[in-house]
Amino acid sequence: MIAAHAKHLVVVLFTCTCLFATGGFFLISSSLSCAQPVVKLPSARKTCATKTDCKVGVRYESSIWEAKWAANISMFNKDMHHQRDESWPGCPVMAADHNFIEAWLEYWSDRQKTALNGNTDLLQSWHRDVFSRHVFFNTSTNQIINTVPIEPLVGLLRHPLALCFPTRGDHVLNKDYMIAYFRDEWENSTCNVDPKGRNFFFDLGASTYLTGGGGASLSWFIDEYRNRGIQFDRVIAWEAKVQPPLQIFADFPNEVLARLSYFNVPVSPREGDPHHPLSMLRLLCRQQDFVVLKIDIDMPTIEEALVGQILADHSLSALIDEIYFEHHVTGTPMTRFWGAEVGANIVESYNVFTSLRKLGIRAHSWV
């Protein structure tokens, strides 16, 4: 599938899945002949000088763990209203996958250490059965340029310990599972060497710098990406809850305030509206820019409309590198937080995040 004017050619590939059935569900063998449990990659090197010299393609590969969940998630789509969290049918399956969970959290911790001490060797070893990935390649030669892992789409699409392990806490608001880009990973993957490229962060549902319903997002994104070598040149935020201006801007560091556009009005889902974020994104951003978009306004109809617009328009999706989206759905223990009246279910959520990733976007399920 070729996206016109896209950052890269998009190809979709699912990895070998050695699964066997038991009790109506698929389990992963601990010693699969087709699996390559740990990947140790050499440091990525650019294989081209410019994007013109190197037409970059990307394919999304689901890990076998993710493929198992995607194939069977409909079995776990259960009305959980007034039910105990751990009674969700997917919880025993997550418990059986505890070795994969530990591998996931250990690699997340290694990446955090890299963010703090710059030791990129820790980025190179990850469990291939656990982590899905985007594989970037030169479309002229098919030579692989870089492979970047991303957290798998499994379970509740949240922290892997969320709600299913009551003795270990609920972890509902724990962000310590998402695998965000490092600057070197992005540059080495996309052959982006344009010195005029800029970094954008669009925050839909921004609250204030240090506060938010699910914890602060503005400060989290700015700090996390700065630690990964990415400082945002523009921060563009929307928040529907009306707040005094002095309260909004009180905690912003000066260097962030100088790059900030903050709209204390609701987001619009209508294309062309002054507060339609995707229209502004399209106006401001170019393909050589690094663009992060967070969508969490607690209005499922509007959120899903915006995500649908991204999925339907390749010229728009091609501008976005990473998306963080809290998809409010039924069919999981999260119903007690979101209510039973939201439109989509967990099966549809898996499809949405997979579809975004197939477009070459690193799509993360937000908190």
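The values are calculated or read from the model by the stated rules, or taken from the named source; none is laboratory data. Everything numeric in this text was worked out from a predicted model, so none of it was measured. Neighbour counts are summed over all protein chains in view; Cβ atoms, including those assigned to glycine, are modelled from backbone coordinates with ideal geometry. Accessible surface is based on the protein model in full, side chains and every heavy atom, while ligands, DNA and RNA are left aside. Shrake-Rupley method; radii C 1.70, N 1.55, O 1.52, S 1.80 Å.
Which net charge results for the neighbourhood of residue 113, defined as the other residues with beta-carbon distances under 15 angstrom from its beta-carbon, given Lys and Arg at +1 and Asp and Glu at -1? Could the numbers behind the result be given before it?
Details: positive: 111, 228; negative: 106, 110, 121, 176, 224.
It works out to a net charge of -3.
Out of all Cα-Cα pairs in the chain, roughly what percent, to the nearest whole number, are more than 31 Å apart?
Values: 22732 of 67161 pairs.
Value for the chain: 34 percent of Cα pairs lie more than 31 Å apart.
Taking only protein heavy atoms and a 1.4 Å probe, what accessible area per residue, in Å², does the chain have with all protein chains in place?
Numbers: 15370 Å² over 367 residues.
Using a 1.4 Å probe on heavy atoms only, each residue of the chain averages 42 Å².
Using the Cα centre of the chain as the reference point, and only Cβ charges (+1 on K/R, -1 on D/E), how large is the resulting charge dipole? Debye, rounded to the nearest 20. All intermediate terms of the calculation are to be shown ahead of the outcome.
Values: 33 positive and 39 negative charges, 182 e Å.
Once rounded to the nearest 20, the dipole reads 880 debye.
Would you tally the net charge around residue 59, using a Cβ to Cβ cut-off of less than 13 Å, leaving residue 59 out, and scoring K and R as +1, D and E as -1? Walk me through the intermediate numbers first.
Details: positive: 133, 357, 358; negative: 61.
So the surrounding residues net to +2.
Which one of 222, 283, 268 is farthest out on the positive end of the charge dipole of the chain, using unit charges on Cβ (Lys, Arg +1; Asp, Glu -1) and the Cα centre as origin?
283
Roughly how compact is the stretch 188-266, stated as its Cα Rg over 2.2 N^0.38 Å to two decimals?
On the way: Rg = 13.6 Å, N = 79, 2.2 N^0.38 = 11.6 Å.
Here the Cα radius of gyration is 1.17 times the empirical estimate.
Using only the C-alpha atoms of the stretch 247-367, find the volume of their convex hull and express it per residue in Å³.
Values: hull volume 15.8 nm³, N = 121.
It is 131 Å³ per residue.
Can you tell me the relative contact order of the chain? Whole percent, Cα pairs under 8 Å, sequence separation 6 or more.
Values: 693 pairs, mean separation 72.5, N = 367.
Relative contact order comes out at 20 percent.
Let a ≥ b ≥ c be the square roots of the eigenvalues of the Cα gyration tensor of the stretch 102-216; is it rounded (a/c under 1.5), or, if not, prolate (a/b larger than b/c) or oblate?
Values: a/c = 2.06, a/b = 1.38, b/c = 1.50.
Cα axes put the stretch 102-216 in the oblate bin.
In the stretch 80-148, if the dipole is taken from +1 on Lys/Arg beta carbons and -1 on Asp/Glu beta carbons about the Cα centre, which of 88, 112, 148 is farthest to the positive end?
148
Taking the dipole about the Cα centre of the chain, with the C-beta of Lys and Arg at +1 and of Asp and Glu at -1, give me whichever of 297, 60, 172 is farthest to the positive side.
60
Could you tell me what percent of the accessible area of the chain is made up of carbon and sulfur, with a 1.4 Å probe and every protein chain present? Kindly include the intermediate steps, with their values, before the conclusion.
On the way: 8140 of 15370 Å².
With neighbouring chains kept in place, the figure for the chain is 53 percent.
Given +1 on the Cβ of Lys and Arg, -1 on the Cβ of Asp and Glu, and no further charges, what dipole in debye does the stretch 314-367 carry about its Cα centre, rounded to the nearest 20? Before the final figure, lay out each step's value.
Details: 4 positive and 5 negative charges, 29 e Å.
My answer is approximately 140 debye.
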